[in-house]
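The values are calculated or read from the model by the stated rules, or taken from the named source; none is laboratory data. Keep in mind that this is a model prediction, so the values were computed, not measured. Using ideal geometry, Cβ is built from the backbone for each residue, glycine included, and neighbour counts are taken over all protein chains shown. Each accessible area value is taken on the protein alone, full model and side chains, heavy atoms only, with ligands, DNA and RNA left out. Shrake-Rupley method; radii C 1.70, N 1.55, O 1.52, S 1.80 Å.
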Amino acid sequence: MIVDEKKFVRRYSLIYTGIVAFILLAPLYFYVIHKINTQEVRTEVELKSIQSHIINAMDAFGNNPNNTFEFPKFNSYQSGLYYNNFSTIYSQIKEPLPFYMPGYHSDGMTRFLITPLPSQKYFFADYLITETAISYTDIFLEASIIAFGILVLILLLSFYFLNSFSVPFKRVNEKLDEFIKESMHEMNTPLSIINVNVDLFNSMYESNKYLSRIKSATKSLATIYNDMDYLIKQNRVEYKNEIISLEEFVKERVEYFELICQLNNITLSLVSTTKTHIMFNPTKLQRIIDNTLSNAIKFSHKNGKIDVHINKNDEGGIIISFQDYGQGIKHPEKITNPYYREYEHKTGFGIGMNIVKSIIDKSDITLDIQSAYLQGSTFIYTFNRSLVVDSTEQNL
């Protein structure tokens, strides 16, 4: 009924993909580290091979001062001969040397191999140094392609399997949805019949406390029915906004609940200091007001009172406050949680205020709950300036 199957599959496919991808990509990380280390070893071997070639060339040339030695050149490698203090005899290396210790060294993406030479043998040089640039582009490109392939494959398999697994639940959900819709329809019919007949009886005969109780009970059931109906339709029906006279709307809902209040001798009063129109959906506004008033009545003491106030704030918004003087709320922060019931002996399913929260979270409305245990509660709704309709707009 409330579960969105597509959203369910999408959400858990991503979660499943993330978990499996983490498990499978962990070895890929170590594979990349291994490839980088292998690349380092290969580069060091290549540098040694280049130096061996240079040394062989110098050995073949010998110590012949009458000829000119042509130092070997390579496309990706630069080499040079250096004295013991690392001053240059001959060098293809343009940048200053970052290291002066024999061995294989790294400096950013540059690699050096410094090899000591036999004294006075090769043009009086003490060191042969070879330099090259190293690149991990191929390694990272390969790893990226593998990772992308793994993620796509897992995601596709996740969607396929979760869609397959969700089919039985989807069918059950559809059956449950149909059952609830039919049940709601069947419940609405007798409620309407009871209300009509009570009204007819009242018009023909004198009202009495028993009829008042029946009427009050049907109104309470109607509030629950409207909550259930909203829950069923909220993901399927587009609730369009329209211009609403806020004072008239609240006044109508207050009058609707007056009979329920009268049975418990609760005084329900409305005080408005402004006549304002808002751009909002009537169904959503009714859910906010009805659920708040219903809770206020439920937690009020007999012979108590409930005050409803409508005022403007300094920012141009509208404030509607509902104040009761009843039991109060021990845990105000939990009152909007789904199915939360602070007092188990009270009627209701604990969904009313959760519906209210779902509405105000998607609207420019804030809710402030002030409560003192055994002293009462105040629910303050602030309809921010964006919802208020200017007088010029009302005439359009």
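Assessment of the stretch 114-130 against the conditions (in contact with a His (Cβ under 9 Å, 6 or more places away or on another chain), in contact (Cβ under 8 Å) with a residue 40 or more places away in the chain and buried (at least 17 other Cβ atoms within 10 Å of the Cβ)) yields no matching residue. If the condition is being touching a Phe, Trp or Tyr at 6+ places or on another chain (Cβ under 8 Å), closer than 16 Å to residue 374 by Cα and part of a helix (DSSP H, G or I), then the stretch 296-344 contributes 296, 297.
In this structure, residue 63 does not qualify as modelled with pLDDT of 90 or more, more than 30 Å from residue 174 (Cβ to Cβ) and not acidic (Asp, Glu). May I ask you to verify whether residue 131 is under 20 Å from residue 75 (Cα atoms) and at pLDDT below 90? Taking the combined requirement at face value, the residue does not satisfy it.
For the criterion of being farther than 27 Å from residue 247 by Cβ and open to solvent by less than 20 Å² (accessible area, probe 1.4 Å), residue 376 fails.
Within the stretch 234-279, track down each residue that is touching a residue at least 12 places away in the same chain (Cβ under 8 Å), more than 30 Å from residue 316 (Cα to Cα), open to solvent by 50 Å² or more (accessible area, probe 1.4 Å) and not polar (S, T, N, Q). Listed by number, the list holds a single entry, 263. Under the condition of being at pLDDT 70 or above, under 23 Å from the mean Cα position of the chain (by Cα) and surrounded by 12 or more Cβ atoms within 10 Å (Cβ to Cβ), the residues counted in the stretch 146-177 number 6. Selection of the stretch 351-391 for residues being part of a helix (DSSP H, G or I) and farther than 24 Å from residue 330 by Cβ yields 359, 385, 386, 387, 391. In the stretch 39-55, the residues that are closer than 14 Å to residue 106 by Cα form Cβ pairs under 7 Å with partners that are polar (S, T, N, Q) and surrounded by 15 or more Cβ atoms within 10 Å (Cβ to Cβ), at six or more places apart or across chains, as follows: 43/132; 47/130; 47/132.
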